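*Asks:* There's a structure below that I have some questions on.
Laboratory data are not the source of any read-out in this text; all were calculated from the coordinates shown. All values derive from a computational prediction rather than experimental measurement. A quick note on method: Cβ atoms are made from the backbone with ideal geometry, for glycine too, and the neighbour counts reach across all protein chains shown.
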Amino acid sequence: MYDSGKIIPGLLIFVLLITLPIWYNNLSNAGQVKTPEPPDKGMLMGFTFANGQEHPSAAEMRAKHMEHLKIFHANAVAKLAEQKDKKMPTMSCMMCHGSKEQFCDSCHATISEKKVPDCWECHQKP
Amino acid sequence: MKYIFPLAVVIALAVIAWIGSAILGLQDLFGIVVPYAALFLFVSGFCWRVLYWARSPVPFKIPTTCGQGYSMPWVKRDKLEAPVSTGEVLGRMFLEVFLFRSLWRNTKTSIKPGPVLSYKSTRWLWFFGILFHYSMLLVVLRHLRLFLEPVPFVISALDSLDGVSLHLTPELSMYVTDALILLGLLALLLRRFTLRPVRYISLANDYFPLFLLIGIVSSGITMRYFLRTGVDIVAIKQLALGLTTFKPVLPADIAPIFYVHLFLVSSLLAYFPFSKLMHMGGVFLSPTRNMANDSRMRRYVNPWNPDIKPHSYASYEDEFRADMIEQGIPVEKELPQG
Ligand code: HEM
């Protein structure tokens, strides 16, 4: 073999980089992700919104909560514009899901999801 | 028409993963067995290929020189195009690997009315090549958030940086590199379709990696922005971490689109070492780039030269003197008397 003094170390660095997740996770002892607490079934069971709609399932919410929030937000804004008194609507997810740390951050931190919309520029962090 | 077969193969791979995970219930095959096998093939195949290359000797000093070489002190020389020292070679390699410098020098030959032969530099290939490769690098680095626990700061910082300007409303919150990688890939594909000389020399194994990458990227984009049902990223991270710690767990109910994405990535990994994609390792081993242009300063010896000892006329005569005298050939020194 020629130039093994340069090629072998180079190859070794490459293999170390490619297998980074393997040794990183085993060294950091992270092993398994902390699975976020399953939402309390009793609470979700049969919950209906004021407009008669049922609360979507937890799996549905985990995968698509942004789409729901978008519609929810647009409706609320439209409703607010119609209202004479401009009183802020009080119905909100946060009435039940009372903690940002528990309901938003537990997943968002695990997967380091940084593309969060600017909800908290207006809404108070619960 | 050389693109039909590779296109069909990529579509077939996607359909296989979809059917396998959605209908046949083979999640453990597509989620665990295939990714392990693909990673094993990738790493071992890559090493095998590089070590195979390392075993080939380079008989001659063959750096490409595209500028003034080292000569008289008053002649201005080009250190990067005709490097003579290790440091200068490192500079040249750096520009080659990180900025694709040899594509920057691409020229287009044409005959203008007259007729006049003209060479014009064209940098579209360089531009879309850079666009694709750097977007891919960022996308892959960002994916580490699914593979590392805890997520290192650099990775989450990349995630916030990539797309910060489009971050005004939730509807527009997207990764810029998603659009750029797709743009780069489509332009590279269009180049093979439209430029006649390039189309002529394009083979199935030029189209296949392009279609495969387009398949990977579009399934990823579909999964993130459009088909969200059943794409629970926390569950997917559990699967990924289980794979890396060799305690695989298979969360239920992950959508088929994820298995399509993962199977196409696995196919890419398995295909990589046996394809032209090995230019990733090969660029470092290119003698025309990584040798110094110093053949007039240091003697370069072909490594497979046999060890031939010098044989002067005097020693030749010493060896054959008796025979030469017998044949009547004149000699410089007579046989010793006695
Ligand atoms: C060659 C390697 C890969 C490429 C080029 C690639 C490309 C992409 C792209 C362009 C996206 C769109 C969103 C984004 O940019 O983050 C994406 C999303 C995604 N990819 Fe990949 N991918 C690769 C490997 C993988 C692997 C090995 C996994 C296995 C866990 C994976 C899982 C995902 C998931 C779960 C999403 C959705 C992310 C979300 O919704 O936030 N990808 N991929």
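*Asks:* Counting other C-beta atoms within 10 Å, and keeping those with at most 11, which DSSP coil chymotrypsin sites (Phe, Trp or Tyr not before Pro) do you find in the stretch B:278-336?
*Replies:* Numbers: sites: B:Phe284, B:Tyr300, B:Trp304, B:Tyr313, B:Tyr316, B:Phe320; in loops: B:Tyr300, B:Trp304.
Passing both the DSSP loop test and the Cβ count: B:Trp304.
*Asks:* In a shell of Cβ-Cβ distance under 14 Å around B:Val50, excluding B:Val50 itself, what net charge do Lys and Arg (+1) and Asp and Glu (-1) give? Could you put the intermediate results ahead of the total?
*Replies:* Details: positive: A:Lys6, B:Arg49, B:Arg55; negative: A:Asp3.
Once positives and negatives cancel, what remains is +2.
*Asks:* Also, I was wondering about something else. Work through the residues other than A:Ala63 whose Cβ is under 10 Å from its Cβ and net out their charges, Lys, Arg +1 and Asp, Glu -1. Don't skip to the end; give the middle numbers.
*Replies:* Values: positive: A:Arg62, A:Lys64, B:Arg228; negative: A:Glu60, A:Glu67, B:Asp232, B:Asp253.
So the surrounding residues net to -1.
*Asks:* Fewest Cβ neighbours within 10 Å first, please rank B:Cys66, A:Cys122, A:Cys107 accordingly. It would help to have the intermediate numbers written out before the result.
*Replies:* On the way: B:Cys66 12, A:Cys122 6, A:Cys107 18.
Ranked by crowding around the Cβ, least crowded first: A:Cys122, B:Cys66, A:Cys107.
*Asks:* Can you work out the Karplus-derived ³J(HN,Hα) for every residue in the stretch B:294-301? Use 6.51 cos²θ - 1.76 cosθ + 1.60 with θ = phi - 60°, whole Hz, and x for glycine or proline.
*Replies:* 10, 5, 8, 10, 10, 6, 9, 9
*Asks:* Would you calculate, for the protein assembly as shown, the mean residue ellipticity at 222 nm contributed by helices, counting each DSSP H stretch of 4 or more residues as -39,500 (n - 2.57) and dividing by all residues, to the nearest 500? Intermediate values should be presented prior to the final figure.
*Replies:* Numbers: 19 runs with 241 residues, N = 464.
Result for the protein assembly as shown, helices only: -16500 deg cm²/dmol.
*Asks:* Further question on the same structure: Take the Cα radius of gyration of the protein assembly as shown and divide it by 2.2 N^0.38 Å, with N its residue count; two decimals is plenty.
*Replies:* Working: Rg = 32.1 Å, N = 464, 2.2 N^0.38 = 22.7 Å.
The value comes to 1.41.
*Asks:* May I ask for the net charge around B:Phe193, where only other residues with Cβ less than 12 Å from the Cβ of B:Phe193 are counted and Lys, Arg are +1 while Asp, Glu are -1?
*Replies:* Numbers: positive: B:Lys2, B:Arg191, B:Arg192, B:Arg196, B:Arg199; negative: B:Asp206.
My count for the surroundings of B:Phe193 gives +4.
*Asks:* Ranked highest first by the average count of other Cβ atoms within 10 Å around their residues, in what order do B:259-267, A:73-81, A:1-9 fall?
*Replies:* Working: B:259-267: 24.1, A:73-81: 11.0, A:1-9: 12.8.
Per-residue Cβ counts within 10 Å, averaged per peptide and sorted highest first, yield B:259-267, A:1-9, A:73-81.
*Asks:* Which links in A:Lys64/A:Lys115; A:Lys84/A:Lys125; A:Lys115/B:Lys237 stretch past 19 Å when you go from one Cα to the other?
*Replies:* Working: A:Lys64/A:Lys115 14 Å; A:Lys84/A:Lys125 27 Å; A:Lys115/B:Lys237 17 Å.
Where the Cα-Cα span goes over 19 Å, the pairs concerned are A:Lys84/A:Lys125.
*Asks:* Choose one of B:Leu51, B:Leu186, B:Ala17: the residue whose Cα lies farthest towards the positive end of the charge dipole of chain B (beta-carbon charges +1 Lys, Arg; -1 Asp, Glu; about the Cα centre).
*Replies:* It is B:Leu186.
*Asks:* Among B:Ser275, A:Met66, B:Met324, which residue has its Cα positioned farthest towards the positive end of the charge dipole of the protein assembly as shown, with +1 placed on the Cβ of Lys and Arg, -1 on the Cβ of Asp and Glu, and the dipole taken about the Cα centre?
*Replies:* With unit charges placed on the Cβ atoms, the residue in question is A:Met66.
*Asks:* Give me the orientation-averaged projected area of the Cα convex hull of the stretch B:75-204, in nm², one decimal.
*Replies:* Details: hull surface 58.9 nm².
Convex hull of Cα atoms, orientation-averaged projection: 14.7 nm².
*Asks:* At 20 °C and a viscosity of 1.002 mPa s, what translational diffusion coefficient does Stokes-Einstein give for chain B, taking Rh as the Kirkwood radius over Cα pairs? Give it in µm²/s as a whole number.
*Replies:* Estimated via Stokes-Einstein, D reaches 85 µm²/s.
*Asks:* Tell me, what HN-Hα J-couplings in whole Hz come from the Karplus equation 6.51 cos²θ - 1.76 cosθ + 1.60 at θ = phi - 60° for each residue of the stretch A:68-74, using x for Gly and Pro?
*Replies:* Values per residue, Gly and Pro as x: 5, 4, 4, 5, 4, 5, 4 Hz.
*Asks:* Now, a different point. Under the classification rounded if a/c is under 1.5, otherwise prolate if a/b is larger than b/c and oblate if not, where does the stretch B:249-318 fall, given a ≥ b ≥ c as square roots of the Cα gyration tensor eigenvalues?
*Replies:* Working: a/c = 7.12, a/b = 3.76, b/c = 1.90.
Cα axes put the stretch B:249-318 in the prolate bin.
*Asks:* Find me the longest stretch of chain B that has none of the exposed GluC sites (Glu not before Pro), where exposed means in a DSSP loop (not H, G, I, E or B) with at most 13 other Cβ atoms within 10 Å. Spell out each step's value before the answer.
*Replies:* On the way: sites that count: B:Glu332, B:Glu334.
After excluding every exposed loop site, the longest remaining stretch is B:1-331.
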